[in-house]
């Protein structure tokens with residue numbers, strides 16, 4: 001069992017929540033983590049760089065003039081790459097770089113990433129955060145009290161526009177709903193901060209990271 005400290009908004013530890021590391025896979029699977037991170041970063045590529053080959057350029061395929069007897073160099077159609085406005089000799093065509101993994105592998109990779117953070121003591125649980133209106137200064141003060149002001153992933157149980165607006169301008173700070181987390185985002189920042197309800201959802205269902213009542 002791993003004890004995860006629970007803090008209030010002043011940075012004082014008020015308790016701890018236990019989580020069974022076996023529910024997160026027991027061990028950190030480094031090869032699976034690499035595969036998940038490579039998949040995520042590769043999927044960010046648009047693959048939209050493209051140019052027209054001679055077959056894509058509009059124009060006649062007629063030979064411009066006869067092969068011999070004109071005194072000019074040999075010339076084919078207006079689409080040839082050697083003429084202005086013609087197609088490219090080695091045209092770049094649109095590519096699909098997308099990769100995928102089975103759902104259970106994604107879940108296991110996410111759990112391995114979280115387990116790695118737990119074992120290194122880089123996970124904190126926050127309780128008592130209530131903001132009536134967006135306030136970046138207040139939210140940053142909470143992160144600083146938790147030692148997460150140099151970069152963190154802040155996980156919420158459900159969408160909260162007030163907290164999102166409070167933290168969206170803080171550098172190196174990502175705010176996500178807990179069920180949207182993936183291995184890359186967990187590993188990307190130095191520290192992971194969960195609201196208490198969000199972490200309880202992880203403990204309740206390590207497969208979906210959703211509360212028991214909302215699990216699908």
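Quick look at the values:
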quantity: Failed criterion for residue 117 (all others in (1) surrounded by 12 or more Cβ atoms within 10 Å (Cβ to Cβ); (2) assigned by TED's automatic domain parsing to the domain that holds residue 181; (3) more than 30 Å from residue 6 (Cβ to Cβ) hold); calculated: (3)
quantity: Residue check for residue 167: touching a strand residue (DSSP E or B) at 6+ places or on another chain (Cβ under 8 Å) and either under 24 Å from residue 210 (Cβ atoms) or surrounded by 14 or more Cβ atoms within 10 Å (Cβ to Cβ) (or both); calculated: yes
quantity: Search result, residues across segment 76-118 that are free of Cβ contacts under 8 Å to residues at least 24 places away in the same chain and under 30 Å from residue 193 (Cβ atoms); calculated: 102, 103, 104
quantity: Residues (within 22 Å of residue 101 (Cβ to Cβ) and in a loop (DSSP other than H, G, I, E, B)) located in segment 1-53; calculated: 25, 26, 27, 28, 29, 43, 44, 45, 46, 47
quantity: Lone unmet requirement of (1) touching a residue at least 60 places away in the same chain (Cβ under 8 Å); (2) surrounded by 13 or more Cβ atoms within 10 Å (Cβ to Cβ) for residue 41; calculated: (2)
quantity: Members of segment 127-149 that are over 15 Å from residue 196 (Cβ atoms), in contact with a strand residue (DSSP E or B) (Cβ under 8 Å, 6 or more places away or on another chain) and assigned to a loop (DSSP other than H, G, I, E, B); calculated: 147, 148
quantity: Given (1) at pLDDT 90 or above; (2) surrounded by 11 or more Cβ atoms within 10 Å (Cβ to Cβ); (3) not assigned by TED's automatic domain parsing to the domain that holds residue 190, index of the condition residue 69 fails; calculated: (2)
quantity: Test set (1) under 26 Å from residue 208 (Cβ atoms); (2) out of contact with any strand residue (DSSP E or B) (no Cβ under 6 Å at 6 or more places or on another chain) - residue 124 fails condition number; calculated: (2)
quantity: Filtered residue count, segment 182-204, keeping only those that are buried (at least 17 other Cβ atoms within 10 Å of the Cβ) and in a loop (DSSP other than H, G, I, E, B); calculated: 2
quantity: Residues of segment 160-181 that turn out to be in a loop (DSSP other than H, G, I, E, B) and over 17 Å from residue 199 (Cβ atoms), as a count; calculated: 5
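The values are calculated or read from the model by the stated rules, or taken from the named source; none is laboratory data. Quick caveat, the model's predicted, so the values are computed rather than measured. Every residue, glycine as well, gets a Cβ built from its backbone with ideal geometry; the counts of neighbours run over all protein chains shown.
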